[in-house]
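Heads up, the thing below is written out as structure tokens.
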There are 2 protein chains.
Amino acid sequence: MNANRPSANRPVYLKLRDQIAAAIIDGEYAEGAMLPSVRALAAEQGANPLTVAKAYQQFQNDGLVEVQRGVGMYVVRGAAERLRAADREAFLREEWPEIRARMERLGLNPADMMLAD
Amino acid sequence: MNANRPSANRPVYLKLRDQIAAAIIDGEYAEGAMLPSVRALAAEQGANPLTVAKAYQQFQNDGLVEVQRGVGMYVVRGAAERLRAADREAFLREEWPEIRARMERLGLNPADMMLAD
DNA sequence: CGAGGTGCATCAGTGCCATAATACAGCCAC
DNA sequence: GTGGCTGTATTATGGCACTGATGCACCTCG
């Protein structure tokens, strides 16, 4: 039955990207600290170094990490808060409307569910 | 910036499937009524008849629609409620935990947001 | 300088998705 | 029966995203 799983079968590089973003927001990858090397993270996650690099890519484009070629990638100051703010804005604008519509269709109430567990 | 859009770039046949499921749940495709033919819906949606057929496929497997070969496909009795129940269960089990975790990470509160707009 | 770590570019392979063109099988109204 | 509508099967093709392997450029440290 069923099948509505937008989050399932997600490309690896996107999963990694989300995971890294979460780690930055949570301070697990502290500001100023060096991110795991592409090879290291690849080995740890059982992925390809290129896939990890692809996951890192966008953080570079957005200026959230600083690349020191031949050395490593470092989390810039303010990255966590900037990332959280951007993600929150994007979530509210692009995901939440659909999620809320879907819940209403299914007869669910977000307010109740926060209290549920 | 950003990129967390699991729902973006979704295969057409899955979009159609979701759209059809929503129509059934909402009663837009009433129980006992005939679904649009694969060719008709394909033309309307600007898709390929095969792609539409692929979208219809799972509803047949799940016994939510009855196929009368040479005639058309009909929504079976109780399909809406069964579909809603299955989707709800799947949503709560597979999607909601991630969504809630994500919202908490972003500092959002579902309960507040239902009242917001 | 040399070894070992970094990120990065290039090429190739793979699989899923979507489309297309037919053709077939079943049902109905006329 | 005929024409026109249904769903379905077959085959082929193109595109695209993801993944993989290799090699290169760069930096640090001893």
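The values are calculated or read from the model by the stated rules, or taken from the named source; none is laboratory data. The shown structure was predicted, so the numbers you read here are calculated from the model rather than taken from an experiment. Neighbour counts are summed over all protein chains in view; Cβ atoms, including those assigned to glycine, are modelled from backbone coordinates with ideal geometry. Accessible surface is based on the protein model in full, side chains and every heavy atom, while ligands, DNA and RNA are left aside. Shrake-Rupley method; radii C 1.70, N 1.55, O 1.52, S 1.80 Å.
Residues of the stretch A:10-39 falling in the label zone of A:Glu81, defined by backbone nitrogen less than 18 Å from a point 7 Å along Cα to beta-carbon, are A:24-33.
Expressed as a whole percent, the proportion of Cα-Cα pairs in the stretch A:27-117 lying more than 18 Å apart is 60%. Solvent-accessible area lost on pairing B with A (1.4 Å probe, both sides summed) amounts to about 4400 Å².
In summary, the lysines within cross-link reach of B:Lys54, defined as a Cα separation below 29 angstrom excluding same-chain residues under 8 places away, comprise A:Lys15, B:Lys15. Rounded to the nearest 0.05, the FRET efficiency derived from the C-beta distance between B:Lys15 and A:Ala30 at R0 = 35 Å is 0.30.
In chain B, once you exclude exposed GluC sites (Glu not before Pro) (DSSP loop, at most 15 other Cβ within 10 angstrom), what's the longest stretch remaining? After excluding every exposed loop site, the longest remaining stretch is B:32-117. With loop membership from DSSP and a limit of 16 other Cβ atoms within 10 Å, the longest segment of chain A without trypsin sites (Lys or Arg not before Pro) is A:1-68. Overall, the ratio between the Cα radius of gyration of the protein assembly as shown and 2.2 N^0.38 Å, rounded to two decimals, is 1.23.
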